[in-house]
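The values are calculated or read from the model by the stated rules, or taken from the named source; none is laboratory data. Since we're looking at a predicted model, the values are computed, not measured. All Cβ positions, glycine included, derive from the backbone under ideal geometry; neighbour counts span all protein chains shown. Note: areas computed on protein heavy atoms with side chains; ligands, DNA, RNA excluded. Shrake-Rupley method; radii C 1.70, N 1.55, O 1.52, S 1.80 Å.
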Amino acid sequence: MRPTFHTMTFGCQMNVNDSDWLARTLLQRGFVQSPLEEAELVILNTCSVREKPEQKVYSSLGRIAQATRHNTKSFVVLAGCVAQQFGERIFDSFPQVRLVLGSDGLVFAPDAIERLRAEPGLRLCFVDFSDSYIERPLKITPNNQPATPVAFVNIMQGCDNFCSYCIVPSTRGKPKSRSAEAVLTECRAWLEAGAKEITLLGQNVNAFGLDVTGDDAGFAELLRRVAALPGLARLRFVTPHPKDVSPQLVRAFGELEQLCPRLHLPLQAGSDRVLERMRRKYNRAHYLELIRQLRAARPDMAFSTDIIVGFPGEDEEDFQDTLNIMEEVRFMSSFSFCYSDRPGTAAERLPDKLDAKLKLERLARLQALQERLSAVWLQKRIGDHSLLLLEGASRKASSSGEAWQGRDPYGVPVNITLPAGNGKLGALIPVCITEAKKHSLLAGSAQWDIKH
Ligand code: 5AD
Ligand code: SF4
C-alpha cells in the first residue's frame, strides 16, 4: 500500500507555497493524499504572526491526535513559524510530533520523512538558520501534469526590520535573497509547464538583493527580467515594505505591461505617533506620496493593505488618523487585525496596552469603513472592459452555458458564463464587468464591444 499524507496549512502565501512544494515532492515519491483520519503523515504548516493563528495550531494538534488515534503508525510533521519558535520543546507536549521543521528546514523534509518511516523510535528537528537561501529541488508539477495557470515563486526569505510588534524576524531569520538566476529558472519552468501568471513571494520582497546573499540584481531589475520571460501574461508580488519602494519600482509599474496594476502595501497605522512606535521607518506623508507617485505612473492602480488596530497607546485621535488615511487612499480591500503581544518583541514591553473590548470595537468600525470603500470600488468597475484569466470552473451551475471563475488584473474573483466549449483553463479572455457582489464581480459577455 502506498503511504498517505494530509496537509494543513495556516498563515501566509509563503506557507501555502511551501506546503505545496512538499506535497508535490511526496507525490513524486509515491505518496498519496488522503483525508486526515486515514493519513500516516500529517503535515501541519504553522503561523505565529498573531495570537489567533498560533492558538489554532494547538487546537489543530489536539484535533489531529483525536482523528488519527486508531492509527499507531501516524505521525505529525510540524513546520513553519511555530515550529521555529518552539523547536524540540514541542516534542514534550505533543507525542505525535516526530519531525520539527523550522523556516530553513523544509528542504530536509522529504528525506527525513522516509527515515522516520523506517525508524519508528526516531524524532528529528531542523531549526538552524542557514546563512544563505537554500535552493530546493525544482518540483513544478507532480508527475508532469500541466501547471495551474497561477504560480508562486519565492524570491527571498526572512526580515530584519524588527517592526516592534512583529515576531517574523525571530521566526524567519535575517533576509536571504535567492539569486536572480535561480528565480528566473524557476519562473521559466512554471511558464513552460503552462502557468500564465506568477506571484513573487517574500517577507519583504522589495528588499530583494539588498542582503549579502543573492546576486547583484535589485528588485525592480528582477521584475524586468521576469516580465520579459516568454509566455508570462501577469506578474504580481507580495509583500513589499513602503520604506523600500524605490523610484525604479514606481517606474516599473508605468513601464511593465505584465505587472498588474494592484499593489498590496501594508500601512499598519495612519498616525505618525503610532508608526514611530511601530518602528515602521516611514510616516503618513511618505506613504501618501508613494500612493500619489504610483497613481501618476499607472492611473488605474488599486491598493490594498494590512492594518493593526489597538497598538499600545493608540488613542481615538490616532485611530481617526487610520480611518481618514484609508478614505484618502480608497483601498480596494484590506486585512485588519487587533494588536496582540508576540513573545520577545519590543511592543510586548510597551506600556498602555488597550483592552480587548476597545480593540474589537475599533476593528469593527474600521472593517465597516473598508466594506464601504470596497463596495464603492467594486461598483465603479461595472461597465469596465477587462481581461480575465480563467482559473477554474465556477461552483455555480448554470443552465445557459459553462460557469467559469477567473481573476481580473486586480486579483478580484470574477464569475462568467461562457457558451459550452468556449472556456479553457489558463485562457485570457476579454470581458465586460456587469455586476458587483460583496467580494467578487460578474462579467456578462466575452465581447469588448457589448453596449449596456
Ligand atoms: N498583532 C496584530 N497584528 C500583527 N501583524 C503582525 N504582527 C502583529 C501583531 N503582533 C499583522 C500585520 C502584518 C500582518 C501579516 O499581520 O498587519 O502585516
Ligand atoms: Fe514583520 Fe515588519 Fe518584517 Fe513585515 S517588515 S515581516 S511587519 S518585521
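Listed values, structure above:
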read-out: Options ALA393, ALA375; residue that is over 22 Å from the mean Cα position of the chain (by Cα) and within 27 Å of ILE308 (Cα to Cα); value: ALA375
read-out: Filter result for ALA83 (on the phi < 0 side of the Ramachandran plot, among the hydrophobic types (A, V, I, L, M, F, W, C) and touching a residue at least 40 places away in the same chain (Cβ under 8 Å)); value: yes
read-out: Test set (1) open to solvent by less than 30 Å² (accessible area, probe 1.4 Å); (2) touching a Leu at 6+ places or on another chain (Cβ under 7 Å) - ASN283 fails condition number; value: (1)
read-out: Identity of the residue in region 171-188, within 12 Å of LEU229 (Cβ to Cβ) and touching a strand residue (DSSP E or B) at 6+ places or on another chain (Cβ under 9 Å), that ends up most open to solvent (accessible area, probe 1.4 Å); value: GLU186
read-out: Check on ILE198, modelled with pLDDT of 95 or more, under 22 Å from ASP20 (Cβ atoms) and open to solvent by less than 10 Å² (accessible area, probe 1.4 Å); value: yes
read-out: Residue match in region 66-73 (condition: open to solvent by 10 Å² or more (accessible area, probe 1.4 Å) and touching a Phe, Trp or Tyr at 6+ places or on another chain (Cβ under 9 Å)); value: no
read-out: Output for region 35-51, where each listed residue is in a loop (DSSP other than H, G, I, E, B) and among the hydrophobic types (A, V, I, L, M, F, W, C); value: ALA39, CYS47, VAL49
read-out: Residue selected from region 307-358 under the condition among the basic types (Lys, Arg) and surrounded by 13 or more Cβ atoms within 10 Å (Cβ to Cβ), by the criterion nearest to ligand 1 (Cβ to nearest atom); value: ARG342
read-out: Among the candidates LEU235, LEU229, LEU223, LEU275, residue that is in a helix (DSSP H, G or I) and more than 16 Å from ligand 1 (Cβ to nearest atom); value: LEU223
read-out: Scan of region 161-177 for residues that are farther than 20 Å from PHE126 by Cα, more than 11 Å from ligand 1 (Cβ to nearest atom) and in contact with a helix residue (DSSP H, G or I) (Cβ under 6 Å, 6 or more places away or on another chain), ordered by number; value: PHE162
read-out: Sole exception among (1) exposed (fewer than 13 other Cβ atoms within 10 Å of the Cβ); (2) at pLDDT 95 or above for GLY411, by number; value: (1)
read-out: Single unsatisfied condition, ALA193 versus (1) away from ligand 1 (no atom under 16 Å from the Cβ); (2) within 30 Å of PRO343 (Cα to Cα); value: (2)
read-out: Which listed residue, of VAL150, VAL205, VAL168, VAL212, is out of contact with any Lys or Arg (no Cβ under 7 Å at 6 or more places or on another chain), open to solvent by 20 Å² or more (accessible area, probe 1.4 Å), under 26 Å from GLY406 (Cβ atoms) and aliphatic (A, V, I, L, M); value: VAL150
